[in-house]
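Contents: one structure, followed by commentary.
The values are calculated or read from the model by the stated rules, or taken from the named source; none is laboratory data. This structure is a prediction, so every number in the text was calculated from the model and none was measured. All Cβ positions, glycine included, derive from the backbone under ideal geometry; neighbour counts span all protein chains shown. Side chains are part of the model used for accessible areas, which takes the heavy atoms of the whole protein and leaves out ligands, DNA and RNA. Shrake-Rupley method; radii C 1.70, N 1.55, O 1.52, S 1.80 Å.
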Amino acid sequence: MKLQGRTAIVTGAGRGIGREVALLLAEEGAHVWAVDPGVGRGGEETEDRPADEVVAEIRDRGGKAEACYDTVSDFDKMGELVNGIVRDHGKIDIVVNTAGVLRERMIWNMTEDEFDMVINVHLKGHWNLCHHAVRHMRKANYGRIVNFASDAFKGSVGQCNYAAAKGGIISLTRSIAKETQRNDITCNVICPAADTRMTLTEAVKANRQRKYEAGLMTKEQYERTMIFRGPEHIAPMVAYLTTPESWAISGQNFHIEMGKIHTYYYGEEQRGLVHGADGMFTLDELMSAVPNSLMNGLEPIVPKTDPALAGSEDAKAKSA
Ligand SMILES: NC(=O)c1ccc[n+]([C@@H]2O[C@H](COP(=O)([O-])OP(=O)(O)OC[C@H]3O[C@@H](n4cnc5c(N)ncnc54)[C@H](O)[C@@H]3O)[C@@H](O)[C@H]2O)c1
């Protein structure tokens, strides 16, 4: 067992990826605190207590686990949880931040509540746990943190709140990694892809079916989408990043899905304009240098419509 004697918090541990991570860490000997109020996909309150179910499963298998029904967005409650574990068990070794919700709308329809809610659970929730845990981890000179972002960090239609939170989590992770560089503390982030109640909705299934029937997908492609990519495929790499042996890996961003793991790097300089004289670009210089040099031949983030056509029926048809 690779995590014998370790204490671990797993948020969102009641369902999906968090549940699989909690089960695997416990199987490897960690004492797991499963944080999950059992909310709906959009954060709505429910009567469900999935944290109890995962805790019961761990105990049935001979492992150690406790349930916590508080929300990760509550700074004080997360402080009480972390401080309580350190008081009663001497340390907090591992934090895995898997809790998550979605409130999807285009930016022009999104309400302030929908934006705040998603930022609070994802970005603030991550910060809460990291803040409280790192204070103890620094004193103990040991800690393993695994955060959860998403490929949505690249920008995602109908999910600007979620994408912004996930991009923030990547920057948060890299900052914590730099701040804890001198300690045996690591902080990494995962962009997973797995079929869970968050991702495999009836609307997603219907959309695939529609695309197939409209000839936008081959039979082979459609059948590939039907293969269930379970959340259990995410857990082993997360568990690896919680072991002492992964000490040299920090600040990294990994995409994980069934059968595939790859790294991401971002922040590298891509193209440049240099002003040799006084360092001051004039607007006139930029009117020419930006399209003809800086952006020339660069792959666009989004292919833009000619402004002469923008908003026309033709443009709408192209972007539909
Ligand atoms: N499944 C994927 O393909 C995928 C893709 C990209 C990112 N992610 C991210 O991975 C993480 C796990 O996603 P999942 O697919 O397992 O989702 P899921 O919906 O299956 O599980 C999320 C769990 O988090 C819990 N939760 C929600 N709000 C909480 C809160 N405030 N405090 C504590 N727990 C809370 C829910 O009750 C639920 O049990 C999320 O951060 C998600 O954004 C998942």
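Can you name every one of the helices (runs of 4 or more DSSP H) wholly within the range 197-266 that holds 3 or more residues which are away from the ligand (no atom under 13 Å from the Cβ), among the charged types (D, E, K, R) and at pLDDT below 95?
Qualifying helices (runs of 4 or more DSSP H): 202-213, 219-225.
Checking Gly168 against (1) out of contact with any His (no Cβ under 9 Å at 6 or more places or on another chain); (2) modelled with pLDDT of 95 or more, only one condition comes out false. Which one?
All conditions are met except number (1).
Which of the residues that make up the range 13-51 are within 15 Å of Val146 (Cβ to Cβ), part of a loop (DSSP other than H, G, I, E, B) and open to solvent by less than 10 Å² (accessible area, probe 1.4 Å)?
Matches in the range 13-51: Ala13, Ala30.
Among the residues of the range 162-176, are any farther than 24 Å from Asp36 by Cβ and touching a Cys at 6+ places or on another chain (Cβ under 9 Å)?
Yes, the conditions are met somewhere in the range 162-176.
How about the range 180-196: which of its residues are more than 16 Å from the ligand (Cβ to nearest atom), more than 19 Å from Val96 (Cβ to Cβ) and in contact (Cβ under 8 Å) with a residue 12 or more places away in the chain?
Answer for the range 180-196, where residues must be more than 16 Å from the ligand (Cβ to nearest atom), more than 19 Å from Val96 (Cβ to Cβ) and in contact (Cβ under 8 Å) with a residue 12 or more places away in the chain: just Gln181.
Identify the residue in the range 1-12 that is more than 6 Å from the ligand (Cβ to nearest atom) and within 24 Å of Asn83 (Cβ to Cβ) and, among all such residues, is most open to solvent (accessible area, probe 1.4 Å).
Gln4
Of everything in the range 58-75, what is under 24 Å from the mean Cα position of the chain (by Cα) and outside any loop (DSSP other than H, G, I, E, B)? Give them in sequence order.
Those that are under 24 Å from the mean Cα position of the chain (by Cα) and outside any loop (DSSP other than H, G, I, E, B): Ala65, Glu66, Ala67, Cys68, Phe75.
Report the residue count in the range 73-105 for those that are open to solvent by 10 Å² or more (accessible area, probe 1.4 Å), in contact (Cβ under 8 Å) with a residue 12 or more places away in the chain and within 16 Å of the ligand (Cβ to nearest atom).
10
For the subset of the range 267-295 comprising residues that are in contact with a helix residue (DSSP H, G or I) (Cβ under 9 Å, 6 or more places away or on another chain) and not in a helix (DSSP H, G or I), which member is surrounded by the most Cβ atoms within 10 Å (Cβ to Cβ)?
Filtering the range 267-295 for residues that are in contact with a helix residue (DSSP H, G or I) (Cβ under 9 Å, 6 or more places away or on another chain) and not in a helix (DSSP H, G or I), the one surrounded by the most Cβ atoms within 10 Å (Cβ to Cβ) comes out as Phe281.
Table: residues versus (1) more than 8 Å from the ligand (Cβ to nearest atom); (2) of a type in the set (Lys, Arg); (3) over 15 Å from Gly125 (Cβ atoms).
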position: Arg144; (1), (2), (3): yes, yes, yes
position: Ala163; (1), (2), (3): yes, no, yes
position: Lys166; (1), (2), (3): no, yes, no
position: Ser171; (1), (2), (3): yes, no, yes
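Of the numbered conditions (1) in contact with a Lys or Arg (Cβ under 9 Å, 6 or more places away or on another chain); (2) closer than 30 Å to Gly5 by Cα; (3) surrounded by 12 or more Cβ atoms within 10 Å (Cβ to Cβ), Glu245 fails exactly one; give the number of that condition.
(3)
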